[in-house]
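Comments concern the structure below.
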Amino acid sequence: MGPVSQTLLRTYLSMVNGNSTTRAPRINALPIDVTVIGNTRTHSANNLVTDSGAAGTALATGHKTDNGAIGVMPDGTPVGSVMEAAKLAGYLTGLVVTSPISHATPAGRKCFLGVAKYSLTIPSLLLPCCEPRRS
């Protein structure tokens, strides 16, 4: 059930149960409200259909990038990942994947490539294992 459906159900139940009116809304919580959820828009910075490098970068950094790029902003500026921030804060970090490590989605956590088409470049960037950029 999506956020709009949840809002509709919350409002409907509050009105039907007599707890709320349009002039005095008292919207009760649903049991699902304790569940933490997030929403995302899945397009890349330059296309409605994203590729794995752009998706991995968005998931790891919170910034959209162009299709074909990994770990950089659309203008090519490297952007740090959550994994790097954790390492800089003194946490031990690691990358566990169910795909080959050279795929662009996991590479978005550690690599900074303007072009993601070079899958042979990705492992060499991951192997020195994870020294974060300091800016």
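The values are calculated or read from the model by the stated rules, or taken from the named source; none is laboratory data. What you see is a predicted model; the values in this text were computed from it and never measured. No Cβ is skipped: glycine too gets one built from the backbone with ideal geometry, and neighbour counts run over all protein chains shown.
General remarks:
- Some residue of the range 31-52 being surrounded by 12 or more Cβ atoms within 10 Å (Cβ to Cβ) and closer than 24 Å to GLY94 by Cα: yes
- Being under 28 Å from VAL4 (Cα atoms), among the β-branched types (Val, Ile, Thr) and at pLDDT 85 or above holds for only one residue in THR61, THR40, and it is THR61.
- Here ALA45 meets each of (1) hydrophobic (A, V, I, L, M, F, W, C); (2) assigned to a helix (DSSP H, G or I); (3) touching a residue at least 24 places away in the same chain (Cβ under 8 Å) with one exception, condition (2).
- Taking every residue in the range 50-68 that is free of Cβ contacts under 8 Å to residues at least 40 places away in the same chain and more than 15 Å from VAL82 (Cα to Cα) and pairing it with any residue that is polar (S, T, N, Q) and part of a helix (DSSP H, G or I), at least 6 positions away or on another chain, the pairs with Cβ-Cβ distances below 6 Å are THR65/THR57.
- The set of residues from the range 5-29 being assigned to a loop (DSSP other than H, G, I, E, B) and more than 32 Å from the chain's Cα centre (by Cα) comprises ASN17, GLY18, ASN19, SER20, THR21, THR22, ARG23, ALA24, PRO25, ARG26.
- Residues satisfying the criterion are absent from the range 19-34 (criterion: within 30 Å of ASP75 (Cβ to Cβ), out of contact with any strand residue (DSSP E or B) (no Cβ under 6 Å at 6 or more places or on another chain) and modelled with pLDDT under 85).
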